[in-house]
Every structure is written in structure tokens, then in C-alpha cells.
1. Residues in segment 153-176 near a label at SER107, defined as backbone nitrogen under 16 Å from the 7 Å Cα→Cβ point?
2. I need the Kirkwood Rh of the chain: take the reciprocal of the average 1/r across all distinct C-alpha pairs and report it in angstrom.
3. Compute the acute angle (0 to 90°) between the alpha-carbon long axis of helix 139-151 and the principal axis of greatest extent of the alpha-carbon atoms of the chain; round to the nearest 10°.
4. What translational diffusion coefficient, in µm²/s and rounded to a whole number, does the Stokes-Einstein relation yield for segment 8-104 at 25 °C and a viscosity of 0.890 mPa s, taking the hydrodynamic radius as the Kirkwood radius over Cα pairs?
5. Using only Cα positions of segment 128-230, each an equal point scatterer, no hydration layer, compute I(q)/I(0) via Debye at q = 0.10, 0.12, 0.17 Å⁻¹ and quote the log10 values to two decimals.
6. Cα axis of helix 16-28 to longest principal axis of the chain: angle in degrees, 0 to 90, nearest 10?
7. State, in angstrom, two size descriptors of segment 243-349 derived from its alpha carbons: Rg to one decimal place and Dmax to the nearest whole number.
8. Taking 1 over the mean of 1/r across every pair of different Cα atoms in segment 167-303, what Kirkwood radius in Å do you get?
Amino acid sequence: MLQLCEEKVSSQSTPTWERDIYIFIREWLSDADYIEVKTSGSTGEPKNIKLQKKWLEYSASQTCNFFDLNSQSSALLCLPAAYIAGRMMIVRAFVSGLNLLTVEPSSNPFINHPFIQSCQRQSGIQPFNPYIDFTALTPFQLHQSLQTLKKKPLVKSIIVGGGEVSPSLEKEVQQLPIDIFATYGMTETSSHIALRKVNGSQRKDFYTIIGDTVIGIDNRGCLTLENKHLFEGILVTNDIVEVLNSKEFRWLGRYDNVINSGGIKIMPEEVEQSIAKLHTSAMVISSIPDDKLGETVVLAVESTGMTEEYKHSLLAQIKQLVHPYAMPRQIFIMTQIPKTPTGKVDRITLRCFISDTLSS
């Protein structure tokens, strides 16, 4: 295996996405007891850290046990192997012995994979015959794959990470005969430590811990984590949560995104969840400076155009759903809500757009 890795890594004909897979496998099979990764910033500024291989193995075993993945199972790797989410798919294959299929990361990984296309041709008239047991996607990939998966549900279980599953996306997946789970985790925890079913009869609005992670909250209301099998000490996150019990918590939003309006703290994600059904496209809560309140709430709506009448109607509907202090004072129209490379709403860029709009 190491010789194959060396050949693939050194070959100029190996695509970058595939080379990253072999680079990680080479690192995984080395004598070192750790791997080096870069964090996403969930617990502070992004930085390079070392994760012990035994931590990754523990994380992988928890996921494999939960989804009953073994040597008879298949999984699709369609995330970049340069990052923790893609790397953990490879570790799960090593831990469980599952058959790992690989495809170049793309917005819809189910379109061009030769194995999937072959299965589609051979499927006959069976309405649901999952050819892949498990895969991990970003919210953007899931959204872009919806039409393909509605025609032919090609996978049994999907975990979604790298960003929150939006209310609109959650609504769209309700009828898919696929088990879809939102994940909670970060690089520092070697992938997810909790799952939330987002569709079907077992759909939940809270996350459930898998494994032995102990949860709590700090004086900001942010989640704290402790698990000697995954990391050392106590991890303090910037995620504001409601802890329901020792195994369950409800995610409310990011501490970084809190809007302080007249001393009242408003969580944009919570407001967005409340109003999502009012408009078919994305709506994002943001803020602008206010001389008296410090900040005041505004709303960015993804749309190619909107009449003043529709704006007034939308604000009237929102008023029935949110507290007065969380009521948007103004609507800003955008053809596309800015996103980060991982598919999350880029709230910093959004605020810059709003500021530029106000000053123009």
C-alpha cells in the first residue's frame, strides 16, 4: 500500500484530489502516532494541531457502530481528503473494512461516478435499492444533489457537516427515503460527536451525543466538551446551546454572530429558523450600527427582485413570528447570499455588502 501511495503521489498524472487521498493514507500508515490538521475556527482562530491516531480511530468506530458499517458495507468519499471530514471517511474504511468508493469532490457527486451509473442501469424496477450504504456531504452538496436523489435514492444514510442544514433544505429532504443526519463536531473533536436526524418520522430538533463525550455550558451559554478518547482536557466552543440532558442539546447559534441591540442579545440563526418558511429563497439576519441601540437588526433576502408591497407583506408576517427586539428594521435584496468555501453564510462579507449599500 505504501508503495502504491508513493507512486500515486509522485505521478504527474494523478489528479490533485486523488493525490490528497494517497498523501493522507501514507501519513496514516506511517510510524507517527498523530496526524497534523488545520482547525476551522470553531473554538478560536484557525490553527494547526496534532490529532492522535487513536482519537481518530475512536471517532470512526463510534460512527461505524451507529450506522452498522462493516466489511460488507460501501461508502462514498466525495469530500476533499485535505480536510478532516474527508480524512475521516478514509479512517472509517480502515477501522471497519468497508469498501470505500472515491470520486472527485463536486457539487453533485452522484452524477458522474462510474459505479453509481452502472448501478442505475442495472437497477430494474426496484423503487429503493441503496447501492451505497453511507456518505458524508456538505449542505451545498446535498442541495445540489436533491434532484438526482429524488429520481433515484442512491445511498442509504447521509451525514451532513461543514455548516448548518438550513430550514429550507431540511424541508426539501423530508420526502427522501434516505436517512439524513446533521452532524455536530469540529476538527478538534476528530469529526462529529453528535447527530441530529433531519428527516423522516424520527426527525429531531436537537443533537444526540454518540460515544462518551460529556457536555456542559460555560458562563456565555456556550457548549463545553470533555472526552479523553478524543482530545485532552475540556474544549470550550463558541456555539450557544440549550443543554437538555447529559446526552442531548439544542444548537441555538454562534457566539460570534450574536447581535447586541440595546443590551438585548439576538441570535441570528434562531430568528432565521423562525421565519424560513415565509420565503422560498435564503433569508439571513444581520445588523447595522445604531447610535442609540449599538446595533439594530436587518434582513438580507436572496432574490432577483422584490416589490415594495412584497417587502411590507414579508415584514408584517415576520412581525407575527419574532419578538419585537428581533424585528428587522430594513430589508436588503441580494441576488446571492455570500458563502464561505465550506458553504456557510459569510456573515462578514454580508455585513460589508450592507454597509456599502447604505453608504452608496
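The values are calculated or read from the model by the stated rules, or taken from the named source; none is laboratory data. Quantities reported herein were computed from a predicted structural model and do not represent experimental measurements. Heads up, the Cβs are rebuilt from the backbone with ideal geometry, glycines too, and the neighbour counts pull from every protein chain shown. Ligands, DNA and RNA are stripped out before the accessible areas are found, and what is left, the full protein with its side chains, is counted by its heavy atoms. Shrake-Rupley method; radii C 1.70, N 1.55, O 1.52, S 1.80 Å.
1. Under cut-off, by backbone N: nothing.
2. Answer for the chain: a Kirkwood hydrodynamic radius of 22.1 Å.
3. 70
4. D, rounded to a whole number, is 173 µm²/s.
5. -0.31, -0.44, -0.81
6. Value to nearest ten degrees: 70.
7. Radius of gyration, then largest Cα-Cα span, for segment 243-349: 14.5, 48 Å.
8. Here the Kirkwood hydrodynamic radius works out to 16.7 Å.
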